[in-house]
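First up is the structure itself, then whatever we jot down about it.
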Amino acid sequence: MSNYHIKNLEEYFKVYRKSVHKPEEFWEEIAEEHFVWRQRWDNVMSFDFEKPEIKWFENAKLNITENCIDRHLRTRGDKTAILFEPNDPNEEAQHITYKRLAERVNQMANVLKDNGVQKGDRVCIYLPMIPELAFAVLACARIGAIHSVVFAGFSSSALATRINDSDCKIVLTSDGSYRGSKSIDLKGIVDEALKTCPSVKSVLVAKRINSDIHMEEGRDKWLQPLLDAASKDCEPEIMDAEDPLFILYTSGSTGKPKGMVHTTAGYMVYTAYTFKNVFQYRESDIYWCTADIGWITGHSYIIYGPLANGATTVMFEGVPSYPDFGRFWEIVEKHKVTQFYTAPTAIRALAKEDLAYVEKYDLSSLKVLGSVGEPINEEAWHWYDDNVGKKKSPIVDTWWQTETGGILISPIPYVTPTIPTFATLPLPGIQPALMDENGEEIKGNLVEGRLCIKFPWPSIARTIWGNHERYRDTYFSAYKGKYFTGDGARRDAVGYYRITGRVDDVIIVSGHNLGTAPIEDAINEHNAVAESAIVGFPHDIKGNALYGFITLKETGESRNHDNLRKEINQLITEQIGPIAKLDKIQFTVGLPKTRSGKIMRRILRKIACNEAESLGDISTLLNPEVVQQILEERIA
Ligand code: 7RM
C-alpha cells in the first residue's frame, strides 16, 4: 500500500520528495498496485514542453470502466455506487449499486453502438444531473467513444458551438430538467441548437419531466425503452493509455471555448489517487460533491475518482435553495454524508441566509469539507468551518483547473494543518514555481508571482481539440519549459500557497500591484456585505482606480449607503492600506457569474470602464439579467 494513502505530515514530506526525485518510480508503484491493466506500459512517462507532447504509461492498455465498475463487482456488487438524490425531496433517493451500474452502463453502451457510435466518435451529452448522465459518460468510456459533456444550463448557441467544434455524431439529452421549483425545456434548446449542427445524426432523449415535446422523425428516439431492451453485457473496448477519454470545454478570457482533451490512463491514476488522499476516503464513507457533472469537478470527483476507489458518490439533481436554504444540510443528515465538497459561491449564498437553516440538521457525520472553484474568502471559510464543520472538520481548499484534470494544490485533511484562504501544499507529483515579470523563477519563501508547474503530472490535458497551437500558446509559451496556469499565487514563510486569483485580476493602482482577492476579503468582512467584486478603471492620476460592485445581505432594514461606503473603505484601509480604497462603490442586486459560479470580472470591468457596448456574449451567464440592472445603476 506504499505511497497510495498518506497518513501523517512526515509521510507527506517523504512521499512528496520521492515524487519529485523519482517521479517515474513514484507513479509506477501507484499504477501497478491499484488498477487493472490489460497490458503494462513500456515507459512510465515522456514529455516535451516545447512541442508540447506529454505521455503517461506509454503503450499500456486498459479500459477505465473496468477500473471504475467491473473490478468492484466481486467485493462491492451490492454497495451503492451512485446515490441519486432528486430535486424534489419527496421523491425517493435511488441507491444504484455497483451491480446495477454495470448493467445500466453496458445497456447504454449497447444503445450507443446500435445508434452507430464507434470508438473515437464524439458524443455530446446535454443532460441534467440524473443517473442517465452518469451512465452515458461511463458508456462512452466503455466503448472508447469520446464524451463531451455540455452543462445543461448552457444556451442553444453555446451548445451548438461546442457540438460543432468537435463534430459530435449524436446528442444525449432529456425532455427537460428540474431546477428547484422550475422546469427547463432542454429538448427545445437542443432542437434550436441542431438547426446549425450538421454532424448530428441522432438524438437520444431521456424522459425526466414528462413534458410534451417535439420528436423529430428519423432523428430522435426515447432513451429508456432502448436501455431496458438492450443487453446487459458489453465487453469493454481495450484502449491505449493515451487515447482520448473526453473533451471538456472551458471558456478562455477571449475567443471561443477551448475543448480540453483528457486521455485515459494518466487521468484515471491521478483522479483516483487525489480523491483517496484529498478526501481521506475510507470504505464506508458517503461522499458528496455538489458540482454539476458538466464541469471538470463533476467529471473527476463525482464520477471517475470516487468510482475508481469503489466509493459511494452522491449525485444531487437540485439546487441549494429548494425547497429552502436548508436543502444541502438536510441531505447531509439524511444520507450521513462524510465528505462534502462545494464552491465558495454556494457557501457565500448560504451564509447570507438564516443560521437556523444549518442548525436544524445533524451534521455530525461530516469528516472533511472541501472548497473549489475560486479563492475562498476568509469570511466564507470561517462560516463554513464554524457552522458546517463545527470546527471539527478540516477544510480542504483545493486548487486546480479544467486543464489539470485533478487537484494540484490542497491540504490533506488530518495531515496538513490548514490556514484560511490557503490551498497550502502541492500534492505529490506537483512541482509549482512562482515566476516574476522577467520570466525568472522566484525562489525562497514569502514571495508572490505567477503560478507555473515545472513538471508534468499524469492528468494534465494533452491538447485543445483541433487546435494544438492554441494549446501551446496558451499554456506553454509564457514561460519556457513550464505550464502556465494563468493564476497568481503567494508562498508564505512555511511554503504554503495562497492562490490570489487569475493574474488578469491584478490591478495596478499608483504603481502598486493590487490583487482583487485580498481587497474583496476585507470588504466581505463587513457584516452587511454578502459578496463583492473589484475591478480597475482608468484614472488620470493613479493610472487605475478601483471600482467595487457589492451585494448586500438581505438584512431587512435598509442601511444608509453613504455610511456603508465609509465603513467599507475604513475596513480596506485597516486591512490593506489606504492605497486600496475604492473610488466608486456600487451596491448591486447580484454579481454576474458563470454557470459554475465564478464571478465574471471581465464584464464588470467593461461596465466600470464605460465600454458596455462591447460586453460580448452574456447569454452563457448564470444571471444575465443582473447585467442590465448594474449597467443602469452604474456610477459615472
Ligand atoms: C476546478 C475548477 C479554474 C480556475 C483556476 C483558479 C480558480 C479553482 C481554486 C481557484 C483559488 C481555489 N476548474 N480556482 N479552485 N482559485 N482557490 N481553491 O474550478 O477550469 O473551472 O477553473 O478557477 O483561477 O485557474 S476551472
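The values are calculated or read from the model by the stated rules, or taken from the named source; none is laboratory data. This is a predicted model, so every value here is computed, not measured. Reconstructed Cβ throughout: ideal geometry from the backbone, glycine too, with neighbour counts over all protein chains shown.
Values for this structure:
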{"quantity": "Contacts under 7 angstrom Cβ, first residue in segment 181-198 being closer than 13 Å to S155 by Cβ, partner part of a helix (DSSP H, G or I) and among the small types (G, A, S), 6 or more apart", "calculated": "I189/S156; E192/S156; A193/S156; A193/A160; T196/A160"}
{"quantity": "Any pair with Cβ under 8 angstrom, 6 or more apart, that starts in segment 474-503 at a residue that is assigned to a loop (DSSP other than H, G, I, E, B) and ends at one that is among the polar types (S, T, N, Q) and away from the ligand (no atom under 15 Å from the Cβ)", "calculated": "D492/N445; A493/N445; V494/N445; G495/N445"}
{"quantity": "Matching residues, segment 363-392, being away from the ligand (no atom under 12 Å from the Cβ), in contact (Cβ under 8 Å) with a residue 60 or more places away in the chain and assigned to a loop (DSSP other than H, G, I, E, B)", "calculated": "S365, K367"}
{"quantity": "Matching residues in segment 567-605 - criterion: being under 16 Å from E625 (Cα atoms) and either more than 20 Å from the chain's Cα centre (by Cα) or among the polar types (S, T, N, Q) (or both)", "calculated": "F587, T588, V589, G590, T594, I603, L604"}
{"quantity": "Out of C124, C140, C168, sole residue that is assigned to a helix (DSSP H, G or I) and under 28 Å from S251 (Cβ atoms)", "calculated": "C140"}
{"quantity": "Restricting segment 97-119 to residues that are buried (at least 20 other Cβ atoms within 10 Å of the Cβ) and touching a strand residue (DSSP E or B) at 6+ places or on another chain (Cβ under 8 Å), the residue that is nearest to G310 (Cα to Cα)", "calculated": "Y98"}
{"quantity": "Hits in segment 526-552 (condition: more than 26 Å from the chain's Cα centre (by Cα) and in contact (Cβ under 8 Å) with a residue 40 or more places away in the chain)", "calculated": "H526, G536, F537, P538, H539, Y547"}
{"quantity": "Filter result (assigned to a strand (DSSP E or B), of a type in the set (F, W, Y) and free of Cβ contacts under 8 Å to residues at least 60 places away in the same chain) within segment 322-342", "calculated": "F340"}
{"quantity": "Given (1) closer than 21 Å to D70 by Cα; (2) surrounded by 17 or more Cβ atoms within 10 Å (Cβ to Cβ), number of the condition D228 does not satisfy", "calculated": "(2)"}
{"quantity": "The listed residue being under 21 Å from K352 (Cβ atoms) and surrounded by fewer than 17 Cβ atoms within 10 Å (Cβ to Cβ), out of E574, E554, E613, E632", "calculated": "E554"}
{"quantity": "Residue among I143, I209, I184, I213 that alone is surrounded by fewer than 22 Cβ atoms within 10 Å (Cβ to Cβ) and touching a Lys or Arg at 6+ places or on another chain (Cβ under 7 Å)", "calculated": "I213"}
{"quantity": "Among (1) among the charged types (D, E, K, R); (2) away from the ligand (no atom under 16 Å from the Cβ); (3) outside any helix (DSSP H, G or I), the one test that K566 misses", "calculated": "(3)"}
{"quantity": "Single condition P428 does not satisfy, out of (1) surrounded by fewer than 23 Cβ atoms within 10 Å (Cβ to Cβ); (2) more than 13 Å from the ligand (Cβ to nearest atom); (3) within 30 Å of G259 (Cα to Cα)", "calculated": "(1)"}
{"quantity": "Scope segment 393-405; condition more than 9 Å from the ligand (Cβ to nearest atom), assigned to a loop (DSSP other than H, G, I, E, B) and either under 27 Å from T250 (Cα atoms) or without any contact (Cβ under 8 Å) to a residue 24 or more places away in the chain (or both); matching residues", "calculated": "G405"}
{"quantity": "Segment 285-304 residues that are in contact (Cβ under 8 Å) with a residue 12 or more places away in the chain and outside any helix (DSSP H, G or I), paired with ones that are polar (S, T, N, Q) and within 11 Å of the ligand (Cβ to nearest atom) (beta carbon under 6 Å, 6 or more apart)", "calculated": "A291/T297; W295/S596"}
{"quantity": "Residue count for segment 131-140, restricted to those that are touching a Lys or Arg at 6+ places or on another chain (Cβ under 6 Å) and surrounded by fewer than 24 Cβ atoms within 10 Å (Cβ to Cβ)", "calculated": "0"}
{"quantity": "One residue from V319, V314 being assigned to a strand (DSSP E or B) and touching a residue at least 60 places away in the same chain (Cβ under 8 Å)", "calculated": "V314"}
{"quantity": "Subset of segment 278-292 (residues that are within 13 Å of the ligand (Cβ to nearest atom) and hydrophobic (A, V, I, L, M, F, W, C))", "calculated": "V278, C289, A291"}
{"quantity": "Test result for T463, modelled with pLDDT under 95 and polar (S, T, N, Q)", "calculated": "no"}
{"quantity": "Qualifying residue in segment 503-519 (condition: modelled with pLDDT of 90 or more and of a type in the set (A, V, I, L, M))", "calculated": "no"}
{"quantity": "So E317, is it surrounded by fewer than 23 Cβ atoms within 10 Å (Cβ to Cβ) and within 30 Å of Y483 (Cα to Cα)", "calculated": "no"}
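Per-residue answers, yes or no, for (1) among the β-branched types (V, I, T); (2) within 14 Å of the ligand (Cβ to nearest atom); (3) over 11 Å from Y496 (Cα atoms):
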| position | (1), (2), (3) |
| --- | --- |
| P413 | no, no, yes |
| T418 | yes, yes, no |
| T424 | yes, yes, no |
| N438 | no, no, yes |
| C452 | no, yes, yes |
